[in-house]
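The values are calculated or read from the model by the stated rules, or taken from the named source; none is laboratory data. Remember, predicted model here, so these are calculated numbers, not experimental data. Using ideal geometry, Cβ is built from the backbone for each residue, glycine included, and neighbour counts are taken over all protein chains shown.
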Amino acid sequence: MEPERIDQKWRRINGFSKPLNTMQILTWVFYAILFIQYLALVAPHALLPSPVGLIMTIIFVISGFFTAYSVYKTCSVDSIDELLLRKLLRGEGLPEAMESESEISMNNHDKKIPPIPEGETKYCWNCETRVHELSMHCKYCQKCVSRFDHHCQWLNTCVGRHNYSYFVNTLYSITVFCVMNFVG
């Protein structure tokens, strides 16, 4: 999907929105290489000597699939600020791609205008709207992100309120995945 044009601006909806980042592509290639390398070179030899090899292979495969799932969930969730989303859903610059089946429902918005979050607000000059006080504008995604933590270039998505737990799960599962690969 192309970057969405809104008043001569585009906003990245999630980590799968184009343009893809080189580091993101390298992450997926490296992940696939590690997974195939382990299954092709390490697993056959790990299974022969003892049941420990079988257990390590099972843990590796489970962590590999959990890593892929966590990365997918982290990248597919849109961490947009609720007030900015309200503005977009009211039709003030709603990107066409957000009208598609999954773009809004990713955050459980279901095309309903979310209630105004409680708390202080501030004005974002880039988004030209009021946003929650803890939101920050991401220069890579061109949108305000609710409780912005950082823009992860390895996943090509903003980490914020809506996907932070998925991101932490990604870090844990990648750690187990890499440790099992190098121990094996």
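Within the stretch 1-107, considering only helices (runs of 4 or more DSSP H) that don't extend past its boundaries, which have at least 2 residues that are modelled with pLDDT of 85 or more, among the small types (Gly, Ala, Ser) and in contact with a Phe, Trp or Tyr (Cβ under 7 Å, 6 or more places away or on another chain)?
Ranges flagged: 51-76.
Quick one: how many residues across the stretch 121-155 are touching a strand residue (DSSP E or B) at 6+ places or on another chain (Cβ under 6 Å), hydrophobic (A, V, I, L, M, F, W, C) and assigned to a loop (DSSP other than H, G, I, E, B)?
3
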